[in-house]
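Notes follow the structure.
Nothing in this text is a laboratory measurement; each read-out follows from the coordinates by a stated rule. As the structure is a prediction and not an experimental result, all values here were calculated from the model. A quick note on method: Cβ atoms are made from the backbone with ideal geometry, for glycine too, and the neighbour counts reach across all protein chains shown.
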Amino acid sequence: MGQPAAGETSESGLLRLARRGDLDALEQLIVRHERRIFALALRMTGRAADAQDAAQETFLRLHRRIREIETERSLGPWLSAVAVNACRDIGRQRRRSRLVPMPAGAAELPGLEADPERLAAARESEAWLRAGLATLPEKERAALLLREREGLTTAEVARALGSSEVTVRSQICNARIKLRRFFGKREELG
């Protein structure tokens, strides 16, 4: 199939090519989204191995359903919705405990390498955030992450989760309240 033409490097152009069977274009779409999808899956599952499985399943579903995706819309919200569903499936399969451990080999936080105290504090904050997210019901966690971390609109989150916008707003509000309480307990301990 070769490389896409110069004018076909936009996401919609790549998507059109991938729909026609161009595997190079599909690969370029995957490369553009893989880090973000893995990060979302890691926040949803809390385990690197599960996040890798969810990301892989997300891109398999992209390959299988490429002809169903609208070329005029951004691929990001669709991939996010698929990733959330893949994480749910993995969670049901694993039936693991609610506490999400800090994954081994977590990415270094940029700019903090020179200051070990700040790096340690940032890692502790990240661990607390993961633990706080783990206390949330799955739908609240997904709604909050899609809205705040992925930057999806409320309408896009609602479509991704198969909910109404009112439900999504309520889930996000509830998640924020629960996280504030969780972090309030952290302050009491600290």
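Each residue of the stretch 46-54 was assigned a 3J(HN,Hα) from its phi angle through the Karplus expression (A = 6.51, B = -1.76, C = 1.60, θ = phi - 60°), giving x, 10, 4, 5, 5, 5, 5, 4, 5 Hz with x at Gly and Pro.
Let me have the relative contact order for the stretch 113-190, percent, based on Cα pairs under 8 Å that are six or more residues apart. If you can, show how the numbers build up before the last one.
Working: 43 pairs, mean separation 22.9, N = 78.
Relative CO of the stretch 113-190 lands at 29 percent.
A full extension of the chain between ALA134 and GLN56 corresponds to an added length of 25.9 nm, given 0.36 nm per residue minus the alpha carbon distance.
Find, among the trypsin sites (Lys or Arg not before Pro) in the stretch 31-93, those assigned to loop by DSSP (not H, G, I, E, B) with at most 16 other beta-carbon atoms within 10 angstrom.
Answer by residue number: ARG73.
Neighbours of THR154, meaning other residues whose beta-carbon lies under 9 angstrom from its beta-carbon, give a summed charge of 0 when Lys and Arg score +1 and Asp and Glu score -1.
Would you mind giving the three semi-axes, in whole Å and largest first, of the ellipsoid equivalent to the stretch 1-97 according to its Cα gyration tensor?
One finds semi-axes of 27, 12, 11 Å for the stretch 1-97.
Backbone phi angles across the stretch 121-132, fed through the Karplus curve with coefficients 6.51, -1.76 and 1.60 (θ = phi - 60°), yield HN-Hα couplings of 5, 5, 5, 5, 4, 5, 5, 5, 4, 4, 5, x Hz in residue order; Gly and Pro are listed as x. Extension gain, THR71-THR154: 0.36 nm per intervening residue step, less the Cα-Cα distance, totals 27.8 nm.
Each residue, PHE183 and GLN93, gets one label point 7 Å from its Cα in the Cβ direction; the gap between the two is 3.4 nm.
In sequence order, the stretch 13-29 has phi-based couplings of x, 4, 5, 4, 5, 5, 5, 8, x, 6, 6, 5, 5, 4, 4, 5, 4 Hz under the Karplus curve 6.51 cos²θ - 1.76 cosθ + 1.60, θ = phi - 60°, and Gly or Pro positions carry x.
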